[in-house]
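In what follows, a single structure is set out as structure tokens and then discussed.
The values are calculated or read from the model by the stated rules, or taken from the named source; none is laboratory data. All values reported here derive from a predicted model rather than from experimental measurement. No Cβ is skipped: glycine too gets one built from the backbone with ideal geometry, and neighbour counts run over all protein chains shown. The accessibility values were calculated without ligands, DNA or RNA, using every heavy atom of the protein model including side chains. Shrake-Rupley method; radii C 1.70, N 1.55, O 1.52, S 1.80 Å.
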Amino acid sequence: MDPVNRVRDALLASVLVLLILAAALMVLSTGPLGVAPSALLAAVTRQGSPEAELALALRGPRLLAALTCGAALAGAGAGFQILFRNPLAAPDLLGVSSGAGLGAALALLLGAGAALVQGAAFAGGLAAGALALACAALTRSGDARLALILCGVVAGALASAGLGLVVVIADPWSQLPSITYWLLGSFTRATLPEAVGALLPVGLGAAVLIWLGFRLDILSLGDEQARSLGLPARALRLLALAAAALMTSSAVAVAGVVGWIGLLAPHAARLVVGERAGRLIPASMALGALFALVIDRLATAFGPAEIPVGLLAAAIGAPAFLILFIATSRRA
């Protein structure tokens, strides 16, 4: 990489980090319990006022969950879009979100606690992704990408059918409201152990995708091109898909079903850093984390009744995606 590109990448990374830090301070310092940013910084070192420490304790886990889930969904979406050369590819491409929703709904139906609900969501998402990958392997189709997409649609449809059955069976007064609220997505219920626990699988999946880097660019050209350059195309593709599914399952287990972040953030990052996976995936994760922070703050800005994050993500993400699509088309 030439010095000019290195300087540009360093400046871009610095700007994104500063934006995320500014958004995090805004989220922590505004709201019903307003605390000055300086008091919050002092509270981090246990030297702040009781009000600042309380605000940090109440909002810190939610902030960390929003950052982690937004980055995970955006990174997974970027990985899927690169692998399948499909600008509409999203983290739910393999049915992972639907499988996680089914797992959480079953746990809520059985009266499980918060930890078991998250564990069931994580297991359901991974199971749906594994089902899609196994079915695609059984087809032995000449077009591996098409087989994966079709099998992912089937896995998602099966999980959605199971989720619909759970909704029908659930008690409309005691169980159905909690299932519906979980499916709409929210960072409110995240505790500090849960938010910290999600960092490990999300970080592992992100490290794998970033390490693959230029290999993803080659895989997007097709298996023959990859094999001609000495790359094990099938193994690398499975590794990338497993990493993206792991990130998606972790995010859905913590926050519920939050759409559009994994579709919108990679498109926004592509306008800034281009198509190369080594730049696109980290930039997408940074923008996804920033977008999640913004919509989470907006969720509490319209009165005492909090709007589910999933609804806001769709309400903001859909028109924003249309604007990005028009801008990208004119640029092309």
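Put simply, of Leu108, Leu83 the only residue that is open to solvent by 10 Å² or more (accessible area, probe 1.4 Å), of a type outside the set (Asp, Glu) and either over 26 Å from Ala268 (Cβ atoms) or touching a residue at least 40 places away in the same chain (Cβ under 8 Å) (or both) is Leu108.
Being without any contact (Cβ under 8 Å) to a residue 12 or more places away in the chain, in a helix (DSSP H, G or I) and either in contact with a Cys (Cβ under 8 Å, 6 or more places away or on another chain) or open to solvent by less than 60 Å² (accessible area, probe 1.4 Å) (or both) is a property that holds for Gly197.
Only one entry in Leu231, Leu221 is in a loop (DSSP other than H, G, I, E, B) and free of Cβ contacts under 8 Å to residues at least 12 places away in the same chain, namely Leu221. Considering (1) out of contact with any Asp or Glu (no Cβ under 7 Å at 6 or more places or on another chain); (2) modelled with pLDDT of 85 or more, the lone condition that Ser98 does not fulfil carries the number (1). Of all residues in segment 184-192, one or more are among the hydrophobic types (A, V, I, L, M, F, W, C), on the phi < 0 side of the Ramachandran plot, at pLDDT 85 or above and outside any loop (DSSP other than H, G, I, E, B). Of everything listed in (1) among the basic types (Lys, Arg); (2) surrounded by fewer than 20 Cβ atoms within 10 Å (Cβ to Cβ); (3) modelled with pLDDT of 80 or more, the single unmet condition for Arg46 is (3). Selection over segment 284-319 of residues that are open to solvent by 30 Å² or more (accessible area, probe 1.4 Å), modelled with pLDDT of 80 or more and of a type in the set (Gly, Ala, Ser) gives a count of 3. Answer yes or no as to whether Ala268 is in a helix (DSSP H, G or I), open to solvent by 10 Å² or more (accessible area, probe 1.4 Å) and free of Cβ contacts under 8 Å to residues at least 24 places away in the same chain. So Ala268 does not fit the description; no. Checked against (1) open to solvent by 70 Å² or more (accessible area, probe 1.4 Å); (2) out of contact with any Gly (no Cβ under 9 Å at 6 or more places or on another chain); (3) touching a residue at least 12 places away in the same chain (Cβ under 8 Å), Ala170 meets all criteria but (1).
Among residues of segment 224-265 being at pLDDT below 85 and in contact with a Lys or Arg (Cβ under 7 Å, 6 or more places away or on another chain), the one that is surrounded by the most Cβ atoms within 10 Å (Cβ to Cβ) is Ala233.
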